[in-house]
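These notes are about the structure you will find just below.
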Amino acid sequence: MLARLTRKFRGVRLVGMVDLWECLLWSIIGQQISVAAAFSVRSRLARRTGAVVSWKGIEFEGFPTPERLCEFSIAQIHGCGFTRQKAEYARDIARMFADGMISDEAITSLPFAEARQQLLALRGIGPWSVEYAMMRAALDPDACPVEDIGLRNAIGKAYGLGRQATVQQTTSICEAWRPFRAFATFYFWQTLF
C-alpha cells in the first residue's frame, strides 16, 4: 500500500512548523472541529490580535506571540470562536511560553520520548496534539497521530473498510511503518485531496 502511495505522490516531505508555540496553538484550535472551522477560528484570532501583515496589497494572517495572546481575556479569545475551555488552554500555554516555562529549545532538544512526556503534562494537550507537535515542530520521523480523523479516513478508504478506520486498526496498520510513521502519515494525508 505504501509503495503505491510513494510512487503516486513522489517527493512528499514532512512539512514542519516554525515553532512549537504555533504548533501547539494550532493543535488546540483544531481539536474536534473541521479543518475549515479551524482556519476560520485562526483567522478571527489573527485579526483580533493584530497578527496580520499586508504585503503588496495581499494580507497574510499569522499567529499572535504568546505575550500578545496573554494580553487578551478568556472571553476575548472565546469570542474568536474558541470554546471557553480551549480559550483557557490557549491562555495557559501562552503564559507558560511567555514566562519561559516552555520553550522550543527545551522541548525539541530532548529525546523524543521525554519531549512527549513534557508535552502531555500540559493542560489541553493530549496524545493527538503531542504526536502532531512531534511531527510538525520536532520533525520526529516516527510521530504518528493515530487518533487523527484524516489519517483514519485515508486508511479506511485505502484498505477498503467502507468506513473510517478505528484508532485500534490505525495503530495496528501504522506499526508496519516504523520508524517512519510520520512520513507514511503525510503520504496517506495526500489521498484526502
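The values are calculated or read from the model by the stated rules, or taken from the named source; none is laboratory data. A quick note: this is a predicted structure, and the numbers were derived from the prediction, not measured. Quick reminder, even Gly has a Cβ in these numbers, built from the backbone with ideal geometry, and neighbours come from all protein chains shown.
Every residue in the range 147-162 that is of a type in the set (Gly, Ala, Ser) and part of a loop (DSSP other than H, G, I, E, B), please.
Narrowing the range 147-162 to residues of a type in the set (Gly, Ala, Ser): 150, 154, 156, 158, 160, 162.
The answer is Gly160, Gly162.
Output yes when any residue across the range 66-83 is of a type in the set (S, T, N, Q) and outside the structural domain of Pro127 (by TED's automatic domain parsing), and no when none is. Show your work before the answer.
Going through the range 66-83, the residues of a type in the set (S, T, N, Q) turn out to be 73, 76, 83.
With the extra rule that they be outside the structural domain of Pro127 (by TED's automatic domain parsing), the set shrinks to none.
No, because not a single residue in the range 66-83 is of a type in the set (S, T, N, Q) and outside the structural domain of Pro127 (by TED's automatic domain parsing).
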Worksheet item: Looking at this structure, is Ala165 assigned to a helix (DSSP H, G or I), surrounded by 14 or more Cβ atoms within 10 Å (Cβ to Cβ), touching a helix residue (DSSP H, G or I) at 6+ places or on another chain (Cβ under 8 Å) and of a type in the set (Gly, Ala, Ser)?
Response: no
Fill in: For Gly100: the one exception among (1) assigned to a loop (DSSP other than H, G, I, E, B); (2) surrounded by 13 or more Cβ atoms within 10 Å (Cβ to Cβ)
(2)
Worksheet entry | Count - residues of the range 168-191 that are farther than 17 Å from Glu131 by Cβ and in a helix (DSSP H, G or I) | 1
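Taking the criterion of being more than 23 Å from Gly150 (Cα to Cα), within 16 Å of the chain's Cα centre (by Cα) and buried (at least 19 other Cβ atoms within 10 Å of the Cβ), would at least one residue in the range 40-54 satisfy it? Walk me through how you get there before you give the answer.
Here is the first cut: in the range 40-54, the ones more than 23 Å from Gly150 (Cα to Cα) are 44-54.
Applying the additional criterion that residues be within 16 Å of the chain's Cα centre (by Cα) yields none.
No - not one qualifying residue is present in the range 40-54.
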Worksheet item: Consider Phe82 against the criteria (1) surrounded by fewer than 16 Cβ atoms within 10 Å (Cβ to Cβ); (2) under 19 Å from the mean Cα position of the chain (by Cα); (3) in a loop (DSSP other than H, G, I, E, B): it satisfies all of them except one. Which criterion is unmet?
Response: (1)
Worksheet item: Is it true that Ile29 is buried (at least 16 other Cβ atoms within 10 Å of the Cβ) and either within 14 Å of Ala137 (Cβ to Cβ) or of a type in the set (S, T, N, Q) (or both)?
Response: no
Discussion item. Within the range 1-25, take every residue that is hydrophobic (A, V, I, L, M, F, W, C) and without any contact (Cβ under 8 Å) to a residue 40 or more places away in the chain and give me the one that is surrounded by the most Cβ atoms within 10 Å (Cβ to Cβ).
Written reply: Val18
